[in-house]
Amino acid sequence: MSYTGQWNSDAGKIGIAVSDDLYHWEKLSQNPVILPDVRVVAPLGRGLRKFCHWRDAKLIQHDGKLYALVCATSKTALADACGTVAICQSMNMKVWRVIGEVQVEPVCQELECPQIYYMGGKYVLLFSCFHDLFADWMIEKYGDKLRQTSYYMVSDSIWGPYHFVPDFNLLPNDCPDSHQNVQYANQFVKMKGAWYVMGTVWSEEGDYLADGRKLTFENFDC
């Protein structure tokens, strides 16, 4: 399991924990093991939030190799759209290298909780973002349709290029519990041949993990 050990400071740090039974976990003595490489990503955010964006590592396997997808900041994109996903690789979980970035359409300042899935013949990049952290052109184009929740991009290749899908029905915005309208940090979960979306709901009455909602993608057109 990967976890964020430090995130809202001038240096992001990600660690690994291991378990034999999924109940008892032990941190690696080598932690932190996934660190930003300023040769690949920017050391600090260049949007509204200026600290180091290096968090939310998602472990995936592809072609027999192990990778971590990390929320990071692009060195080259415009400040209002500098959110990127760093690609880290390891052979043993202890030593990691930042090998590049996922090619993403520049849509926001932070691509939080980035994950890649293969669905319906396409690679789907799921991410979360706040309304005010989207690029100016996105806010001008979509306005109040952008909210605090999860969105996705699609590509024919695992590392991109990914293009934003203007489908705002990934999660409804008229839930009986209004807090669930901004359900965040979502994941796709496959069960019995169907895909579901699950995420975190922040509430003053107490945070909770929302029940899964069945995904009903009509298409993956960009």
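The values are calculated or read from the model by the stated rules, or taken from the named source; none is laboratory data. Source: prediction; values computed, not measured. Every residue, glycine as well, gets a Cβ built from its backbone with ideal geometry; the counts of neighbours run over all protein chains shown.
Considering each of Ser2, Ser29, Ser19, Ser9 in turn, give the residue that is in contact (Cβ under 8 Å) with a residue 40 or more places away in the chain, more than 18 Å from Pro114 (Cβ to Cβ) and not β-branched (Val, Ile, Thr). Break it down stepwise before answering.
On the way: Ser2 fails: more than 18 Å from Pro114 (Cβ to Cβ); Ser29 fails: in contact (Cβ under 8 Å) with a residue 40 or more places away in the chain; Ser19 fails: in contact (Cβ under 8 Å) with a residue 40 or more places away in the chain.
When all the criteria are applied, what remains is Ser9.
Every listed requirement among (1) surrounded by 12 or more Cβ atoms within 10 Å (Cβ to Cβ); (2) closer than 19 Å to Glu105 by Cβ is met by Phe188 save one, (2). The selection criterion, being surrounded by fewer than 23 Cβ atoms within 10 Å (Cβ to Cβ) and not charged (D, E, K, R), does not hold for Gln109.
For region 55-65, the condition of being assigned to a loop (DSSP other than H, G, I, E, B) and surrounded by 13 or more Cβ atoms within 10 Å (Cβ to Cβ) holds for none of the residues. Within this structure, Leu125 fails the test of being over 12 Å from Phe164 (Cβ atoms), out of contact with any helix residue (DSSP H, G or I) (no Cβ under 7 Å at 6 or more places or on another chain) and of a type in the set (A, V, I, L, M). Could you list, in sequence order, all residues of region 71-117 that are touching a strand residue (DSSP E or B) at 6+ places or on another chain (Cβ under 6 Å), assigned to a loop (DSSP other than H, G, I, E, B) and touching a residue at least 60 places away in the same chain (Cβ under 8 Å)? Once the filter is applied, which keeps residues that are touching a strand residue (DSSP E or B) at 6+ places or on another chain (Cβ under 6 Å), assigned to a loop (DSSP other than H, G, I, E, B) and touching a residue at least 60 places away in the same chain (Cβ under 8 Å), region 71-117 yields Met93, Val102, Gln109, Glu110.
Checked against (1) on the phi < 0 side of the Ramachandran plot; (2) under 18 Å from the mean Cα position of the chain (by Cα); (3) free of Cβ contacts under 8 Å to residues at least 60 places away in the same chain, Trp137 meets all criteria but (2). Of all residues assigned to region 73-91, none qualifies as being under 18 Å from the mean Cα position of the chain (by Cα), surrounded by fewer than 17 Cβ atoms within 10 Å (Cβ to Cβ), within 13 Å of Tyr162 (Cβ to Cβ) and not aromatic (Phe, Trp, Tyr).
Over 25 Å from Ala77 (Cα atoms), of a type in the set (A, V, I, L, M), surrounded by 13 or more Cβ atoms within 10 Å (Cβ to Cβ) and without any contact (Cβ under 8 Å) to a residue 60 or more places away in the chain: does that describe Leu170? I'd like the intermediate steps shown before the answer.
Numbers: over 25 Å from Ala77 (Cα atoms): yes; of a type in the set (A, V, I, L, M): yes; surrounded by 13 or more Cβ atoms within 10 Å (Cβ to Cβ): yes; without any contact (Cβ under 8 Å) to a residue 60 or more places away in the chain: yes.
Against the criterion (over 25 Å from Ala77 (Cα atoms), of a type in the set (A, V, I, L, M), surrounded by 13 or more Cβ atoms within 10 Å (Cβ to Cβ) and without any contact (Cβ under 8 Å) to a residue 60 or more places away in the chain), Leu170 qualifies.
How many residues does region 1-54 hold that are assigned to a strand (DSSP E or B), more than 26 Å from Val107 (Cβ to Cβ) and not hydrophobic (A, V, I, L, M, F, W, C)? Here the count works out to 8. The single condition from (1) surrounded by 15 or more Cβ atoms within 10 Å (Cβ to Cβ); (2) modelled with pLDDT under 95 that Glu204 fails is (1).
Taken together, Leu48, Leu69, Leu44, Leu59 contain a single residue that is touching a Pro at 6+ places or on another chain (Cβ under 7 Å) and within 30 Å of Met138 (Cβ to Cβ), which is Leu69. Among the candidates Tyr23, Tyr3, Tyr67, the residue that is touching a Leu at 6+ places or on another chain (Cβ under 9 Å) and modelled with pLDDT of 95 or more is uniquely Tyr67. The number of residues in region 121-142 that are part of a loop (DSSP other than H, G, I, E, B) and over 22 Å from Asp80 (Cβ atoms) comes to 1.
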